[in-house]
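What follows is a set of notes on a single structure, which appears directly below.
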Ligand code: NDP
């Protein structure tokens, strides 16, 4: 039976360490890190995410601003809002909640954010820095996955890691981070042939697919570490349920360690966003932060 990787507990610990760093920045440098979140439209899931982000930002002692804009906001108005936040010295982190309405070019919006304030880590400058091994603000969910893997396995050097999924927000950055950790990385996707046998070679599996319970226990090498990024809402026995991309029961029977859904990778995302905001604030002020 696999060890359960408790992302909720790890995220709680990280938030406590962030709160200490925030208090020290206030005391020693008169600096209060601040995160501005922009939400365009009325998507109910996005509203919940944004409210959670604001709540946790305030809980660690940082400033939080929410800018709600109507669904028919023009691209020019959204870009002007981003520019205003770029120019505001009390704002150290800017996040535009995705998805934005279809008439707005999301890449243009993301690349208008000052890279020094890009706490989502999606600006091409930060993506480029990550892939060339330079200091960068790195996407939050991938950072959370690697933190959990390192906390569970220790040094990842030399491990065979298989990442299933190649999106810009999870698959590609998590693969880059694993490469930085000296893993041998394979990235699989919807065109990969014989996915099961690719996954069977992995000491570390990161599943970021968006297909409920796709990865089965007989794909998993005995003792492997399984990090399940998937969040899928399904109906089972007349009830709504959240499941991951891995079939938990069969994978848990073979894996050495596994993240549950919910309570695994999910809680790490906001904690890593707060971590990026503190890092951004410290870097903008030229203050060195301790490792967290
Ligand atoms: P995307 O839809 O952007 O990407 C999915 C990836 O999976 C694509 O690269 C796709 O391949 C690949 N894929 C799809 N079907 C298959 C298949 N049958 N076999 C192999 N590969 C396949 O999703 P995201 O990366 O945005 O998200 C992935 C999952 O992670 C989702 O469940 C999402 O909800 C969850 N998520 C969770 C977060 C959190 O915990 N906080 C944050 C972000 C995402 P191709 O490129 O060829 O199409």
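Brief remarks follow.
- Number of residues in the stretch 166-185 that are surrounded by 20 or more Cβ atoms within 10 Å (Cβ to Cβ) and more than 16 Å from the ligand (Cβ to nearest atom): the value is 1.
Conditions (1) surrounded by fewer than 19 Cβ atoms within 10 Å (Cβ to Cβ); (2) more than 15 Å from the ligand (Cβ to nearest atom); (3) closer than 17 Å to residue 253 by Cβ, marked per residue:
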site	(1), (2), (3)
200	yes, no, yes
204	no, yes, no
216	yes, no, yes
220	no, yes, yes
235	yes, yes, no
238	yes, yes, no
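- Some residue of the stretch 62-71 being within 26 Å of residue 6 (Cα to Cα), modelled with pLDDT of 95 or more and within 16 Å of the ligand (Cβ to nearest atom): no
- Unmet criterion (only one of (1) surrounded by fewer than 23 Cβ atoms within 10 Å (Cβ to Cβ); (2) more than 9 Å from the ligand (Cβ to nearest atom); (3) within 18 Å of residue 264 (Cβ to Cβ)) for residue 210: (2)
- Per-region count, the stretch 125-141, residues more than 9 Å from the ligand (Cβ to nearest atom) and assigned to a helix (DSSP H, G or I): 7
- Qualifying residue in the stretch 245-257 (condition: part of a loop (DSSP other than H, G, I, E, B), more than 10 Å from the ligand (Cβ to nearest atom) and at positive phi): no
- Residue ID - nearest to residue 257 (Cα to Cα), chosen from residues in the stretch 142-158 that are away from the ligand (no atom under 14 Å from the Cβ) and in contact with a helix residue (DSSP H, G or I) (Cβ under 7 Å, 6 or more places away or on another chain): 151
- Any chance residue 163 is within 16 Å of the ligand (Cβ to nearest atom), assigned by TED's automatic domain parsing to the domain that holds residue 244 and assigned to a strand (DSSP E or B): yes
The values are calculated or read from the model by the stated rules, or taken from the named source; none is laboratory data. What you see is a predicted model, and the numbers here were worked out from it, not measured in a lab. We place every Cβ from the backbone using ideal geometry, glycine too, and count neighbours over all the protein chains shown.
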